[in-house]
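Notes follow once the structure below has been shown.
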Amino acid sequence: VQLVESGGGLVQAGGSLRLSCVASGGSFSTYAMGWFRQAPGKEREFVAACSWSGRTTNYVESVKGRFIISRDNAKKTVFLQMNSLKFEDTAVYYCAATSTMATPITEKSYDYWGQGTQVTVSS
């Protein structure tokens, strides 16, 4: 499975961005999908995940109520809608895929990773 993220960029605090991750190869509709991020000098952290159907989601506390993960299995795409962005959301954002039925929050649970897209929030 190959994953390619897009949609990153520079945005002012309080603004919005929508990240996309398109998959090729594999059976996208059978994978749970996740988003992670890595800020400069910090370890990569879990942001959000959704089950293969999209009906079950999981978020890190710091983005609850601001970010929404969704997917379109017909287009083999997972999205991360990011609203009310804060300076501390600045990071490289990665999407990841896993064949597990759950919505895991640990990196080791994911089998496939994209290259990442930069999100920069100016204060």
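The values are calculated or read from the model by the stated rules, or taken from the named source; none is laboratory data. Remember, predicted model here, so these are calculated numbers, not experimental data. As a convention, Cβ positions derive from the backbone with ideal geometry for all residues, glycine included, and neighbour counts pool all protein chains shown. Accessible surface is based on the protein model in full, side chains and every heavy atom, while ligands, DNA and RNA are left aside. Shrake-Rupley method; radii C 1.70, N 1.55, O 1.52, S 1.80 Å.
Over the stretch 1-71, with every protein chain in place, what whole percent of the accessible area is carbon and sulfur at 1.4 Å, could you tell me?
Ligands and nucleic acids excluded, carbon and sulfur reach 49 percent.
Full-extension gain between Lys64 and Glu107, please, as 0.36 nm times their residue separation minus the C-alpha to C-alpha distance.
13.5 nm
Are any of the pairs Lys64/Lys86; Lys64/Lys108; Lys42/Lys86 more than 19 Å apart by Cα-Cα distance, and if so, which?
Table pairs above 19 Å Cα-Cα are Lys64/Lys108.
Quickly work out the Arg55-to-Thr120 label distance, labels modelled 7 Å from Cα along the C-beta direction, and quote it in nm with one decimal.
4.2 nm
To one decimal place, what Kirkwood hydrodynamic radius in Å is obtained for the stretch 62-101 from all pairs of distinct Cα atoms?
The answer is 12.0 Å.
Give the accessible area for Lys76 in Å² (nearest 10); use a 1.4 Å probe, count only protein heavy atoms, and leave out ligands, DNA and RNA.
Number for this one is 80 Å².
Could you report the stretch 20-123's accessible area per residue, 1.4 Å probe, as an integer in Å²?
49 Å²
Using the Karplus curve 6.51 cos²θ - 1.76 cosθ + 1.60 with θ = phi - 60°, what ³J(HN,Hα) values do you get for each residue of the stretch 54-59, in whole Hz, with x for Gly and Pro?
x, 7, 10, 10, 8, 9
Could you list the GluC sites (Glu not before Pro) in the stretch 40-85 that lie in coil according to DSSP, counting only those with at most 15 other Cβ atoms within 10 Å of their Cβ?
Glu43
Need the C-alpha centroid separation for the stretch 1-38 versus the stretch 62-107, integer Å.
7 Å
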